[in-house]
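A short worksheet on the structure shown next.
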Amino acid sequence: MWKKKAVALYYNLFNLKFAVISAICNGAIAVVINWPHGPGECIAAGLTQAASSFLSTGVTARVVQHFSPLRSTLTSYFWGSLIPATLTFIMSFAAHWWNNTPEIVVSCVAPTAISYATSYITNFITRRGHMRPGNYKEVDP
């Protein structure tokens, strides 16, 4: 019984496929950006970014997928991008606040903008039948 509930919770809160893609892409970007600082720094930056991207994208991609079955395309894309971008801003703001980042709001702009844009892509992919979680509600024709 608890296994079934754990699996349902996982499917409702996280998308592993999008999380892995995000971790690989964003981790690689951090490695390249930090390459001039040496192998230790660039690998540490890449692994940190990969872990952060894995967790945040896993959650926000699944949030997008809760909106993708909506019949109204406009409603689906609007809320399916605004809410994950807001979550990204909150998570990014909390991380930068905890880290005492000097330019806290400015540091949150890029991740939020990227989240907003990639949410459209996630919604598009999901509405066309790809990378859906196990409990996905089908879009009515």
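The values are calculated or read from the model by the stated rules, or taken from the named source; none is laboratory data. On a predicted model such as this, the values are computed, not experimentally measured, just so you know. Heads up, the Cβs are rebuilt from the backbone with ideal geometry, glycines too, and the neighbour counts pull from every protein chain shown. Remember, those area values only see protein heavy atoms, side chains included, never the ligands or the DNA or RNA. Shrake-Rupley method; radii C 1.70, N 1.55, O 1.52, S 1.80 Å.
Here are some notes:
- Failed item, numbered, when Ala45 is tested on (1) touching a His at 6+ places or on another chain (Cβ under 9 Å); (2) open to solvent by 50 Å² or more (accessible area, probe 1.4 Å): (2)
- If the condition is being at pLDDT 90 or above, closer than 22 Å to Ser107 by Cβ and open to solvent by less than 30 Å² (accessible area, probe 1.4 Å), then segment 64-97 contributes Ser81, Pro84, Ala85.
- Every pair of residues 6+ apart whose Cβ atoms lie under 7 Å, when the first sits in segment 27-45 and is closer than 16 Å to Pro111 by Cα while the second is open to solvent by 50 Å² or more (accessible area, probe 1.4 Å) and modelled with pLDDT of 85 or more: Gly27/Leu47
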